[in-house]
Amino acid sequence: MASSDPNKRPPPPPGPDSAAMPPSSWAKRTGFRPKFSGETNSSDSGQISAIPPPEPPQARPKPPNSSLDLEAGRPRPAPNGEAAAAKDRAKEEKDKERKEREKELAPPVRKRRDSDGGKNLGANGQTAAAAAGEGSRRAVRNEEADVLPQSVLDDDGFISRQSHMKYELRDSPGLVPIGLYGFQHFLSMLGSLILIPLVLVPAMGGSHEDTANIVSTVLFISGVTTLLHISFGSRLPLIQGPSFVYLAPALAIINSPEFLGLNGNNFKHIMKELQGAVIIGSAFQAFLGYSGLMSIFVRLINPVVVAPTVAAVGLSFYSYGFPRVGTCIEIGAVQILLVVVFSLYLRKVSILGHRVFLIYAVPLGLFITWATAFLLTESGVYNYKGCDANIPASNIISDHCRRHVSRMKSCRVDTTQALKSAPWFRFPYPLQWGTPVFHWNMALVMCVVSIISSVDSVGSYHASSLLVASRPPTAGVLSRGIGLEGLSSILAGLWGTGTGSTTLTENVHTIAVTKMGSRKAVQLGACLLIALSLIGKVGGFIASIPQVIVAALLCFMWAMLTALGLSNLRYSEAGSSRNIIIVGLSLFFSLSIPAYFQQYGISPNSNVSVPSYLQPYIVASHGPIQTKSSGLNYVLNTLLSLHMVIAFLLALILDNTVPGSRQERGVYVWSEPEAARREPAVCKDYELPFRVSRMFRWVKWVGL
């Protein structure tokens, strides 16, 4: 290569034109790299790149090499004396540029984040070459950016967690700050904790008192299982609670054919069936974790699998969300609009150093909308002469009242007596609804759902560890966390919450927004949640939320869940056609195949006894699979009608059979056990407390 200085470059000597060479040889000699393909390298698509990072902004581009004969496809020959000199100058210049680039892009020195868990990992759990390429961009990083852990060159991303997080995993700022931040952490996730009971109990035919009791039980179990998980599970600051992963299968069980013919209040009967299914499915999940099978199975779970699976969980409830909001559009639309304005347009507004609108978008929107509905109710907007919303629709004779009774029940806030009837003190206890009932077909459905829940948790473990811990956990720690989630769900089944207890996907977003990753704060917040669950009026107050407001909040929560699922693609090459096709196929067929099962055998004019928004969950009674075994028909029709199951199966098969490099697939990188045990920071992050680890050192497949 000739010198880059145009004044010192020797003029090209005259000579005969050289014979043309093949284009591939010309590309190799000139360093030509096409830019029109999304797969040429990951940096073009904003993803991880194993090639050297881009040149610093201040480096001047080299002028074109005049000794190249582009038409001939190779360099023109230079005089013998000058060719060697040009070659030496080119080599010196190349070495100089390489040293300047290494100096420019050298990663910052960290105080206690130097352990690598056995691999030379970057901050995203990938190779250090990818992390080193981000050094120059991190210098101008916006510390106020509320972003998830990145593996891309992003102006709002972060690598150095010390300057981004207020408190990391083992930080303890003091009792008062810990208490405030812990309460804030749970309050910001209020929607994920309370909304599922407000959907399940009415679907089971339960009363408002039953809803209040279930809400109190959910708060109690969430606090207890969060303490257990942080102490003896993954040890990451992750809140446990009723996951949306369990909502669709629970609705499918509630609308099983054997329950549709029941008369009266069948709440307790259906709840005992749900308890039995949850307990069996959770026991399978505990076995999957503590047996070490999860540490083997996790090798098949990568971002391209997690992304469409979690996204399908949120997309699966599109038939429930806005149809329920439409029953009182003026209240529901205001609720959605407020949450969107708070979480997007006002997300940068800071009050006393806290982004109040972004952190508390759901509670603030709920309070304002509920207050507005109360004022409209008290002002008589929803009063209709001679009509009473508390009278059953079947007993209403007047056509005028029949037209307005649905609107009255949806818009008014005084149609429930849950707050008045709730006791001041109530202690949730196991088997409060009776002895669980076990059926193998429902239990088998929940076993499959527990696998989907574990896949969801894998993504949450990895993303949260990049935010608050020194390194990602080992496969054994991950397996230990999944095992404890199974035990937590067994407790949820014994107490009767209607769903299992698992890691909430919204944890990662909450940690990134609040910048609070101290596990002591979350533990103290869990203790406060347990105390609140013992106050019966709290459950009654939450049970009084109008259904239209619940549906509006769920629209936002499900949209967030879909986005959080797709955000896992940031660890892979999102611009790769391989990944695009896999995710696209998984998402499309996760909507289309369940639609076939849900619509099969239902004529347009058929008189279905369940509401329209629950019709997708009665597939077990009319699905296309009809064998001699009714139990097998129930299992297959139910599972294949669940969007998340189809997305998971397709993504799992395609991602592990279609060829692709580790970089392209974005394979999750977990810390190596042997190296992790040698690193004090990793040991302090993930070792069990009270020297419990010493009792289980023989269990090599669980923990460090």
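Only one residue in LEU636, LEU642 is at negative phi, modelled with pLDDT of 85 or more and open to solvent by 30 Å² or more (accessible area, probe 1.4 Å), so which one is that?
Of LEU636, LEU642, the one residue that is at negative phi, modelled with pLDDT of 85 or more and open to solvent by 30 Å² or more (accessible area, probe 1.4 Å) is LEU636.
Out of all the residues in the range 181-189, is one or more within 19 Å of LEU419 (Cβ to Cβ), out of contact with any strand residue (DSSP E or B) (no Cβ under 9 Å at 6 or more places or on another chain) and either at pLDDT 85 or above or open to solvent by 20 Å² or more (accessible area, probe 1.4 Å) (or both)?
no
For the range 174-197, give me the residue count where each residue is part of a helix (DSSP H, G or I) and under 22 Å from the mean Cα position of the chain (by Cα).
Going through the range 174-197 one residue at a time, the tally reaches 16.
Has the range 486-497 got any residue that is over 26 Å from the mean Cα position of the chain (by Cα), under 30 Å from VAL702 (Cα atoms) and among the aliphatic types (A, V, I, L, M)?
Among the residues of the range 486-497, at least one is over 26 Å from the mean Cα position of the chain (by Cα), under 30 Å from VAL702 (Cα atoms) and among the aliphatic types (A, V, I, L, M), which makes the answer yes.
Exactly one condition in (1) over 15 Å from VAL550 (Cα atoms); (2) in contact (Cβ under 8 Å) with a residue 40 or more places away in the chain is false for GLY353; which is it?
With (1) over 15 Å from VAL550 (Cα atoms); (2) in contact (Cβ under 8 Å) with a residue 40 or more places away in the chain applied to GLY353, the lone miss is (2).
So is SER671 polar (S, T, N, Q), in contact with a strand residue (DSSP E or B) (Cβ under 7 Å, 6 or more places away or on another chain) and modelled with pLDDT under 95 or not?
For SER671, the condition - polar (S, T, N, Q), in contact with a strand residue (DSSP E or B) (Cβ under 7 Å, 6 or more places away or on another chain) and modelled with pLDDT under 95 - is met.
Counting only residues that are part of a loop (DSSP other than H, G, I, E, B) and closer than 17 Å to PRO249 by Cβ, how many does the range 626-650 have?
Residues flagged as part of a loop (DSSP other than H, G, I, E, B) and closer than 17 Å to PRO249 by Cβ within the range 626-650 amount to 3.
Residues being more than 20 Å from PRO473 (Cα to Cα) and among the small types (Gly, Ala, Ser): count how many of those fall in the range 657-677.
Selection size over the range 657-677: 2.
In the range 599-614, is there at least one residue being crowded, with 23+ Cβ neighbours inside 10 Å and over 26 Å from TYR181 (Cα atoms)?
no
Please go through (1) more than 18 Å from VAL313 (Cα to Cα); (2) open to solvent by 10 Å² or more (accessible area, probe 1.4 Å); (3) touching a helix residue (DSSP H, G or I) at 6+ places or on another chain (Cβ under 6 Å); (4) modelled with pLDDT under 90 for GLN547 and return the number of the only condition it doesn't satisfy.
The number of the failed condition is (3).
Pick from the range 335-358 the residues that are at pLDDT 90 or above and open to solvent by 60 Å² or more (accessible area, probe 1.4 Å): which of them is nearest to LYS166 (Cα to Cα)?
The residue in question is LEU344.
Residue-wise test of (1) modelled with pLDDT of 80 or more; (2) among the basic types (Lys, Arg); (3) open to solvent by 70 Å² or more (accessible area, probe 1.4 Å); (4) part of a loop (DSSP other than H, G, I, E, B).
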{"position": "LYS385", "(1), (2), (3), (4)": "no, yes, yes, yes"}
{"position": "ARG402", "(1), (2), (3), (4)": "no, yes, yes, no"}
{"position": "VAL405", "(1), (2), (3), (4)": "no, no, no, no"}
{"position": "THR415", "(1), (2), (3), (4)": "no, no, no, yes"}
{"position": "LEU419", "(1), (2), (3), (4)": "yes, no, yes, no"}
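Would you confirm whether or not the range 261-279 contains a residue that is of a type in the set (A, V, I, L, M) and touching an Asp or Glu at 6+ places or on another chain (Cβ under 8 Å)?
No: zero hits.
Could you give me the residue pairs with C-beta distances under 9 Å whose first residue belongs to the range 219-231 and is in contact (Cβ under 8 Å) with a residue 60 or more places away in the chain and open to solvent by less than 10 Å² (accessible area, probe 1.4 Å), whose second residue is assigned to a helix (DSSP H, G or I) and of a type in the set (Asp, Glu) wherever it lies, and which are 6+ apart or on separate chains?
Cβ pairs passing all conditions: THR225/GLU485; HIS229/GLU485.
Hey, can you tell me all the residues within the range 617-630 that are surrounded by 19 or more Cβ atoms within 10 Å (Cβ to Cβ) and at pLDDT 80 or above?
Correct list: TYR617, ILE618, GLY623.
The values are calculated or read from the model by the stated rules, or taken from the named source; none is laboratory data. Treat the numbers as computed from the prediction; the structure is a model and nothing was measured. Note: ideal-geometry Cβ built from the backbone for every residue, glycine included; neighbour counts use all protein chains shown. Surface accessibility is based on the protein's heavy atoms, side chains included, excluding ligands, DNA and RNA. Shrake-Rupley method; radii C 1.70, N 1.55, O 1.52, S 1.80 Å.
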